[in-house]
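Computed from the coordinates by the stated procedures, all read-outs in this text should not be read as laboratory data. Keep in mind that this is a model prediction, so the values were computed, not measured.
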Amino acid sequence: MISFRGRIAIRGINPYVLVSAVRARALKPDWRKPLPVLVRVNGHPKALPWRINMMPTGTGAFYLYLHGSVRRTSKTKVGDMVSVEVEFDSAYRGGPAVMPPWFRIPLSKNAAAKRAWSLLTPSRQKEIVRYLTALKSDDARERNVARALRALSGAKERFMARPWLG
């Protein structure tokens with residue numbers, strides 16, 4: 001486990017704390033992909049730490065993105081200095097690997113989207129499936145499946161908080 005103080009910054013719309021390359025190497029040497037960790041910010045949560053994937057910057061450092069519930073529970077905001085405890089999550093086993101039928105079926109009926117899907121890296125496919133399976137309501141699923149299909153079909157579309165240009 002490593003402990004350090006850092007400032008919450010923002011990248012696009014995503015608040016994060018930067019974890020230096022030296023600190024990241026102390027967690028898991030030579031790791032270059034999303035790094036599963038257990039996290040506490042300002043001592044919160046008291047019980048079980050949050051499970052978060054730190055994202056590589058390309059320089060050996062990592063972004064530790066802090067979603068809304070992390071910031072609410074730790075009573076922090078962008079610009080705050082925070083105490084961070086991070087530990088490699090050796091129990092991490094990945095997210096859902098099965099594409100839900102409410103996405104698989106429309107994707108199979110759209111030739112352009114299906115072709116683009118097959119060209120995505122496995123990690124990007126998994127990211128999309130995880131995003132879609134985390135949606136709670138049927139309305140959100142329908143909206144996001146439609147966006148995904150438009151993005152994969154080559155339309156200029158905003159999906160998963162980023163622009164897709166076909």
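Distant-in-sequence amide contacts of residue 80, defined by a placed amide H-H separation under 5 Å and a gap of 5 or more residues or a different chain, comprise 8.
Across the stretch 149-162, computed HN-Hα scalar couplings (Karplus, 6.51 cos²θ - 1.76 cosθ + 1.60, θ = phi - 60°) run 5, 5, 4, 5, 7, x, 6, 6, 8, 9, 8, 6, 6, 8 Hz from first to last residue, x flagging Gly and Pro.
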